[in-house]
Every structure is written in structure tokens, then in C-alpha cells.
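All remarks here apply to the structure that follows.
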Amino acid sequence: MNRVPRPAAAALAAGVLWLTTACGEDRSDPKYGSPAEPTAAEPTGADDRAVTEAQARAALITDEDLPGQWSPADDGGTPAGRMLRGKAGAAACHDLISGLRDNDVVGPGSGATADRTFRGGDSTLSYQVAAYQEEAAVQGLERIKRLPAKCDDFTLTDAHGHRATAQVTGVSLPDTGDDSAGVRMVLDTEVEGLAATLTLEVAAVRVGPNVLTVVNGGLDGADEEATRTAVDTGTDRLREVMDGGTPRSTPGEFD
């Protein structure tokens, strides 16, 4: 079976970029453009550890925190999210696909949220910090931990009867945060009659009622080092913000 040629691969990679930026990016840093309007009200729950909008933005990583050649990405990709369209038979697998499509693999937050997206070659890394009710955050990570058992091999079927096969396995993450969960999904499908494989790593770390989420990958695979670095550095930033500090600005962050 023929593989997707380079121009088509680039277009599909742009689709993955569009997919992971569907909920918008944080633009508060001059490097990332003009400030965005807040997407959620300041959390009003009883847990004062939940981050505010300003804290969520401050806890975001930058491209300078990532290994290799990553750069800030805008949301101008073409909507080739068809690679993740369709329904899976098992509810847990369908929820994973929906979460990847909607950028809420842990589940919808209950308070502040901020996002930032990076591009490296044909790969995209989406990073999010969000406030939850703590019990919802705990349950969200438990669902991710169960995915390798529930979705080790499943099929997506779209409205036209086209099928794609997917496998989910666990991934090892740095020992950080109050809890963490990570999986890798490999999706084998066809686009315009050509074989295409999409690989995504999903990592989530909980610190109190707050969760940072990383979705990393593309048609060239997923860079495990980038995922682990984002998790490690991001957790340190989130803890510092929750303790009332301001994370150190990395070189070029405010250029």
C-alpha cells in the first residue's frame, strides 16, 4: 500500500494542528500575539488551590522549554480532523477520540483554562493548564489509566463506512505531581486511498485540583522526550504558580 506523499503529509499535519488548537491558544505572551479574551470565569469553588486565569497562563510552558526545534503555532491549519472522525464501539475509546478532538481528554474543567500549541516538523504539541473540582480531576486521570486495557485494539467507523484501526498503550512519565497518567495511540487509516499513520502521546499530571495536559505527535510519530520534558517542566511551573510565585522567564519568552 502506498504511503502518503510529503505534500499530502504536510496538509494532514496541518489538520492535526487544527485539531489540537480547536479550543484556542493562550496569546497573553507578546511572542504568541495579542491577548485572548478569557474563556472561563475565575473559579468560584471552595478550593482556593484552583488556578485563576492569570495563573493558568503563567504556568504555560514556552517553546524554549522544549528540546529540539519547536516553535509557537497559530491556529491556521486546515481542518483535516477527519483522521479522528468516526465512532468507536467501546465507550471509553469513543470518549478518548472525542477528548482528542475537543482538547479535553481529562474531561471538561470547572474553572480557568489556558492553552498553547507548538509545531515541530510534522508534529504538533498542545499544552493545557486547567482547574477542576479535585474529584473530577482524580476520576479523569483514572479513566486515562484504564485506556490501555479497554482500548488496546479498537476500530473507528465513520459515516461512510470507512474504518481505521487504533491501538492504545501506556507510556512512562516522570514521577511528578500528585498523580499522572499517560498513553500512546497509534491510528492506522487511509486518506484519499493512501495509508497514513497518526501517532499521539497523551499525558496528564494533577497537582491538587489543577491538571496539565500534553497531546503530542503527528504523522512522523511522537517525540517521547518532548512529552516528558513538557510534563516535568510544566509541573514545576504549575507548582510555583500555585505557591504564589512567578516562573522564571526563559530566553526569548517575551521578545
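Under 7 Å by Cβ, and 6 or more places apart or on different chains, what pairs join a residue from segment 66-81 that is farther than 17 Å from V231 by Cα with one that is modelled with pLDDT of 85 or more and among the hydrophobic types (A, V, I, L, M, F, W, C)?
From segment 66-81, the pairs are S71/F118; P72/F118; A73/F118.
Can you name the residue in segment 216-230 that is among the polar types (S, T, N, Q) and modelled with pLDDT of 95 or more and, of all such residues, is nearest to V202 (Cα to Cα)?
At the first step, the residues of segment 216-230 found to be among the polar types (S, T, N, Q) are 216, 227, 229.
Next, only the ones that are modelled with pLDDT of 95 or more stay: 227, 229.
Values: T227: 8, T229: 13 Å.
Once the filter is applied, the top-ranked residue is T227.
Hey, among T197, T235, T213, which residue is under 15 Å from the mean Cα position of the chain (by Cα), modelled with pLDDT of 90 or more, farther than 14 Å from R116 by Cβ and among the polar types (S, T, N, Q)? Step through it out loud before you land on a result.
Details: T197 fails: under 15 Å from the mean Cα position of the chain (by Cα); T213 fails: farther than 14 Å from R116 by Cβ.
Checking each option against the conditions leaves just T235.
When only residues in segment 135-151 that are in contact with a strand residue (DSSP E or B) (Cβ under 6 Å, 6 or more places away or on another chain) and of a type outside the set (V, I, T) count, which is farthest from H94 (Cα to Cα)? Before the answer, list the steps.
Of the residues in segment 135-151, the ones in contact with a strand residue (DSSP E or B) (Cβ under 6 Å, 6 or more places away or on another chain) are 137, 141, 144-145, 147-148, 151.
If we keep only those that are of a type outside the set (V, I, T) as well, we get 137, 141, 145, 147-148, 151.
Numbers: A137: 19, L141: 16, K145: 15, L147: 11, P148: 13, C151: 9 Å.
If we take residues in segment 135-151 being in contact with a strand residue (DSSP E or B) (Cβ under 6 Å, 6 or more places away or on another chain) and of a type outside the set (V, I, T), then A137 is farthest from H94 (Cα to Cα).
Identify the single condition in (1) in contact (Cβ under 8 Å) with a residue 60 or more places away in the chain; (2) under 27 Å from A73 (Cβ atoms); (3) charged (D, E, K, R) that K150 does not satisfy, given that it satisfies every other one.
Among (1) in contact (Cβ under 8 Å) with a residue 60 or more places away in the chain; (2) under 27 Å from A73 (Cβ atoms); (3) charged (D, E, K, R), the lone unmet condition for K150 is (2).
I need the full set of residues from segment 105-136 which are among the charged types (D, E, K, R) and either surrounded by 20 or more Cβ atoms within 10 Å (Cβ to Cβ) or at pLDDT below 90 (or both), in order please.
First, pick out the residues of segment 105-136 that are among the charged types (D, E, K, R): 115-116, 119, 122, 134-135.
Listed by number, the residues that qualify are D115, R116, R119, D122.
Would you pick out the residues in segment 91-144 that are in a loop (DSSP other than H, G, I, E, B) and not small (G, A, S)? Before the answer, list the steps.
We begin by selecting, within segment 91-144, every residue in a loop (DSSP other than H, G, I, E, B); these are 103-112, 121-122, 132-133.
Once the filter is applied, which keeps residues that are in a loop (DSSP other than H, G, I, E, B) and not small (G, A, S), segment 91-144 yields N103, D104, V105, V106, P108, D122, Y132, Q133.
R146 is checked against (1) within 30 Å of T62 (Cβ to Cβ); (2) of a type outside the set (S, T, N, Q); (3) surrounded by fewer than 17 Cβ atoms within 10 Å (Cβ to Cβ) and fails just one. What number does that condition carry?
(1)
What is the residue count in segment 184-205 for residues that are surrounded by 21 or more Cβ atoms within 10 Å (Cβ to Cβ) and either under 30 Å from E135 (Cβ atoms) or without any contact (Cβ under 8 Å) to a residue 60 or more places away in the chain (or both)?
Adding up the residues that qualify gives 8.
Restricting attention to segment 208-221, report how many residues are within 27 Å of G109 (Cβ to Cβ) and surrounded by fewer than 24 Cβ atoms within 10 Å (Cβ to Cβ). Write out each step before concluding.
Start the filter on segment 208-221 by keeping residues that are within 27 Å of G109 (Cβ to Cβ), which leaves 208-218.
Now narrow it down to the ones that are surrounded by fewer than 24 Cβ atoms within 10 Å (Cβ to Cβ): 208.
Total meeting the criteria: 1.
The values are calculated or read from the model by the stated rules, or taken from the named source; none is laboratory data. This is a predicted model, so every value here is computed, not measured. Glycine gets a Cβ as well: all are built from the backbone with ideal geometry, and neighbour counts include every protein chain shown.
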